[in-house]
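Single-structure report; data block below.
The values are calculated or read from the model by the stated rules, or taken from the named source; none is laboratory data. No experiment lies behind these values; they were computed from the predicted model shown. Here the Cβ is made from the backbone with ideal geometry for all residues, glycine too, and neighbour counts use every protein chain on show. Keep in mind that these areas ignore ligands, DNA and RNA; they rest on the heavy atoms of the full protein, side chains included. Shrake-Rupley method; radii C 1.70, N 1.55, O 1.52, S 1.80 Å.
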Amino acid sequence: MEKFASPIMVTQSTLPPFKEYCESISQIWDSHWLTNQGPLHEKFKKNAREYLKVENVSLFTNGHLALETAIKALNLKGEIITTPFSFASTTHAITNCGLKPVFCDIRSDNYTIDTNKIEDLITERTSAIIPVHVFGYPCDVRHIEEIAKKHKLSVIYDAAHVFGVRINNVGIGEFGDISMFSLHATKVFHSIEGGLLSYKNQDLEHKLDLLKNFGISGPETVECVGINAKMNEFQAAMGLLNLKSIEADIKSRGLITNIYRSLLSDVPGVHMTEDVQNVEHNFAYLPVLIDEAEYGMSRDNLFNILKEYNVFARKYFYPLISDFSCYKETYKNIDLPVAKYVSNRILTLPLYTSMEPAIAQNICEIIKAQIK
Ligand SMILES: *Cc1c(COP(=O)(O)O)cnc(C)c1O
């Protein structure tokens, strides 16, 4: 195998035809309406709600501020049970709101929170669970719902990775009290930067609108302490165009995923996640777990060798959030054996909508060529 002529990154943002974007934003020059619930924002909100098959939607400038706003809207207090196997944002949202994260271990098959270990972590101070549908794989939503009901806890899903995923034809954003979708440029679906909350209780809408606009409810009234987290018209225009191609985009990602799966399935020590029956997947990421004893090489060595071939995989998610220097002295990071095992062996391979099948094939060949 030869080195790739240009770098292959772990992801590449999907873009609509340049002309279509220019045409779409030309109306902003006519109206001079750049942000604050403009017409493109309203249209995107409606179309995204229909596509996601959810009851209510609010749009934000990014996913992280959407998550913090969700925590504030539900008035959560005390301790929040969450997963350490995620992007920094999940725990940062909890601590930025002045709450204490309590880390729960994960499952070894799909890396989501291990629901059998949640109840042991519940105390009288626990107010909510914030699980993550990591890499696009749904958590055990039924079990989480059962636990939440029994202990009267709120549930906010970090749904940053699952835009378009459905369980038995039900939009994934229908589970829990609130779900947060990130619409960042690197995600399956994006609005440049952007965030979206979906929720069943329509009463939340007013509160979310207030919180994301400084708490302002009228020219002379400020009802609560809020922030600025509004989505602008340029973001909405990008979101609207990307919604047109989302089904085709997910299909392309599925084809690339199948190439990786078929070419790597017989490689000892390279373990992959599997699709789940009754779930419509979005093929957000391609995580592989490298077992050094079987494969003959560690994750870190394979990561470095891929780099020599111009392939930039990522160690998602390493280190665990509970091991970040800003958290490890403050919060308990023991009792996480599975999360630690996975984090030390996981590698996320390049996968994006416009990826040529030959690139995936060549990456698989490089991985196979390392077997001694
Ligand atoms: C991307 C991401 C976020 C944050 O979303 P932004 O839109 O980038 O603010 C939160 N959680 C997870 C798991 C993510 O991957």
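Give me the log10 of I(q) over I(0) for the stretch 248-372 at q = 0.18, 0.19, 0.22 Å⁻¹, as the Debye formula computes it from C-alpha points; what are the numbers?
The calculated log intensity ratios at q = 0.18, 0.19, 0.22 Å⁻¹ are -1.01, -1.08, -1.30.
Give the long-range amide H neighbours of V102: residues separated by 5 or more places, or on another chain, with amide H under 5 Å away, using H modelled in the peptide plane at 1.01 Å from N.
Under 5 Å from the amide H of V102: I80, I81, T82.
So what is Rg over Rh here for the stretch 158-258, counting just Cα atoms and using Kirkwood for Rh?
Values: Rg = 16.0 Å, Rh = 15.3 Å.
Checking Rg against Rh, the ratio lands at 1.04.
What value in Å³ per residue do you get for the convex hull of the alpha-carbon atoms in the chain?
On the way: hull volume 52.4 nm³, N = 372.
In the chain, the Cα convex hull volume per residue is 141 Å³.
How many Lys pairs in the stretch 1-130 lie less than 23 angstrom apart by Cα atoms, where the lysines are 8 or more positions apart or on different chains?
Number of lysine pairs found: 9.
Averaging over every viewing direction, what projected area does the convex hull of the Cα atoms of the stretch 59-200 cover, in nm²? Walk me through the numbers on the way to the answer.
Working: hull surface 30.9 nm².
The Cα convex hull of the stretch 59-200, projected and averaged over all directions, gives 7.7 nm².
Ignoring ligands, DNA and RNA, what percent of the 1.4 Å accessible area of the stretch 214-372 is carbon and sulfur? Could you put the intermediate results ahead of the total?
Details: 3930 of 7680 Å².
Whole-percent figure for carbon plus sulfur exposure: 51.
Measure of size requested: the Rg and Dmax of the stretch 4-77, with Cα atoms as the atom set and Å as the unit; please supply both.
Looking at the stretch 4-77, its Cα Rg and Dmax stand at 17.2, 52 Å.
If you look for lysine pairs in the stretch 279-372 that are eight or more places apart or on different chains, how many of them have Cα atoms under 29 Å apart?
13
Any idea of the accessible area per residue across the chain, 1.4 Å probe, to the nearest Å²?
Values: 16690 Å² over 372 residues.
Computed with neighbouring chains in place, this is 45 Å² per residue.
Hey, what does the equivalent ellipsoid look like for the stretch 297-339, semi-axes from the Cα gyration tensor as sqrt of 5 times each eigenvalue, largest first, whole Å?
Details: eigenvalues 159, 26, 9 Å².
Its equivalent ellipsoid spans semi-axes of 28, 11, 7 Å.
With the alpha-carbon atoms as the only input, what is the per residue convex hull volume for the stretch 15-141 in Å³?
Output value, Cα hull per residue: 146 Å³.
Starting from the Cα of K117, step 7 Å along the direction of its Cβ; do the same at E365; then give the gap between the two resulting points in nm.
Result: 4.1 nm between the two label points.
Kirkwood Rh over alpha-carbon pairs of the stretch 43-83, then Stokes-Einstein at 20 °C and 1.002 mPa s: what D in µm² s⁻¹, rounded to an integer? All intermediate terms of the calculation are to be shown ahead of the outcome.
On the way: Rh = 12.1 Å.
For these conditions, the coefficient is 178 µm²/s.
What is the sum of charges, Lys and Arg at +1 and Asp and Glu at -1, for the other residues whose Cβ falls under 15 Å from the Cβ of K332? Walk me through the numbers before you get to the answer.
Values: positive: K100, K117, R125, K328, K340; negative: E79, D105, D120, D323, E329, D335.
Computed value for this residue: -1.
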